[in-house]
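See structure below.
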Amino acid sequence: MLGCSNGGRQALQSAQMFPDDFDGIISGSSTNDFNHHMDWSGRMYVLTGADSSDSKFLSYDDWVIVHDEVLAQCDEPLDGVADGIIEDSTICDFNATKLTCTDGQTDGCLTYEQTSTVWNVFSQLYDQDGTLLYPRLAPGAELYASTNGVLHGVQGHVTDWFGDGFNNTSFDPSTLSQTEYTLADDDDELHGKVSSFNSDLSAFQAAGKKLIMYHGLMDPAVSAEASQRYYLNVARDMDLDHTGLDEFLRFFRISGMYHCTGGIGAWAFGQNINAQNGTGNVITDIMNWVENGEAPDTMTGTKFVNDDPTQGVQMERHHCRFPYRTTYSGSGDSTDADNWSCELINDWQECGVY
């Protein structure tokens, strides 16, 4: 089974609830923890406002300023290459204070209220008791998020979820609060169970099945940190280290990829089942794992010139399975995948999901 976005959530749901259905599953950019994902999506409108009439709102040009500062703090300083791609955004502890205009400054900076919006966008969502509901938007994803509706205006699926779900077609998304978060959880527990966040995969493991997860770190629609959080929850709740998880679950973080496909990084690895396949192919990977016992250690992604395979290869990257971090050697052409290696993150159980 191969699915991405809500299809990725359905793929996880299959592994969690129907472990005998598929021998191999590929779950991409999953909307797992769906209830809280919808809370998070709706919260963005509350945080950012509708348009420029709201003093806390940021225009596209404002988000360009934010994005440039994110790269200044977390691109080359963290991964050693100034290419616009943050190799591991989960360790980007972004300081938005530097964005605020100083006395007399009017260009290339933000107001205090706009800076507060940025802090909020890059913060986790908690319930009223302080329990984490959903992680932050990953730094680096903000610019694309500002063009696809996540940080500009109301997202239609949010209105559908909270309006139609509660039989309230006049629902006002600007009023979204902890009350709706709690009601959605209660309603899902009673009737839906669409959350797909059950971290007990013991039946799937016992049946000898295999699961590949991947998520683009520049995903503007679904926080990439939600997939990493799910992996960490499986490790914790099944009491397994990464070597134990490697037997049936492998998670790949795809730097520079947007939601499911596209992006400025090496994003093509056969996930959309068409001719845009580079060196790597995730479908071949799951087949080899299931049929031959050959599990993938890396996912080789390709970035074609202008995303057109007929124009040649712009770059390749061996994306490492978590909890390994894709690491530049420090020398050589950074677009050559062989100049990157996989290094184990020593404290991966606490790995920077803010």
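Taken together, the values in this text are just the output of simple stated rules run on the coordinates, not laboratory data. None of the values given here were measured: they were computed from a predicted structure. Positions of Cβ are generated from backbone atoms using ideal geometry, with glycine treated the same way; all protein chains shown enter the neighbour counts.
Here are some notes:
- For the chain, radius of gyration divided by Kirkwood radius, i.e. Rg to Rh on alpha-carbons: 0.96
- log10 of Debye I(q)/I(0), alpha-carbon scatterers only, for the range 34-192 at 0.12, 0.14, 0.17 Å⁻¹: -0.57, -0.75, -1.02
- Kirkwood Rh, Cα atoms: Rg over Rh of the range 205-354: 0.96
- Residues with amide H under 5 Å from that of residue 325, placed H, sequence gap 5 or more: 343, 344, 345
- Summing charges over all other residues whose Cβ lies under 15 Å from the Cβ of residue 149, with Lys and Arg as +1 and Asp and Glu as -1, gives -3.
- Averaging the sequence gap over all C-alpha pairs within less than 8 Å and six or more residues apart, then dividing by the number of residues, gives the range 281-354 a relative contact order of 21 percent.
- Amide H contacts under 5 Å for residue 319: 299, 300, 301, restricted to partners 5 or more places along the chain or on a different chain, H placed in the peptide plane at 1.01 Å from N.
- Placing R0 at 41 angstrom, the Cβ-Cβ distance between residue 284 and residue 333 gives a FRET efficiency of 0.95 after rounding to 0.05.
- Only helical runs count toward this figure. For the chain, summing -39,500 (n - 2.57) over DSSP H runs of n ≥ 4 and dividing by all residues gives -8500 deg cm²/dmol at 222 nm.
- Packing-based order for 317-325, 343-351, 204-212, using average beta carbon neighbours within 10 Å, highest first: 317-325, 204-212, 343-351
- Across all directions, the average flat footprint of the convex hull enclosing the Cα atoms of the range 1-108 is 9.9 nm².
- Summed residue charge, Cβ within 10 Å of residue 79's Cβ, Lys/Arg positive, Asp/Glu negative: -4
- Partners of residue 98 within straight-line reach, counting lysines whose Cα lies under 29 Å from its Cα and excluding those fewer than 8 residues away in the same chain: 56.
- Long-range amide H partners of residue 133 with built H, under 5 Å: 125, 126, 127
- Set of lysines with alpha-carbon distance to residue 210 below 26 Å, sequence-local pairs under 8 removed: 193
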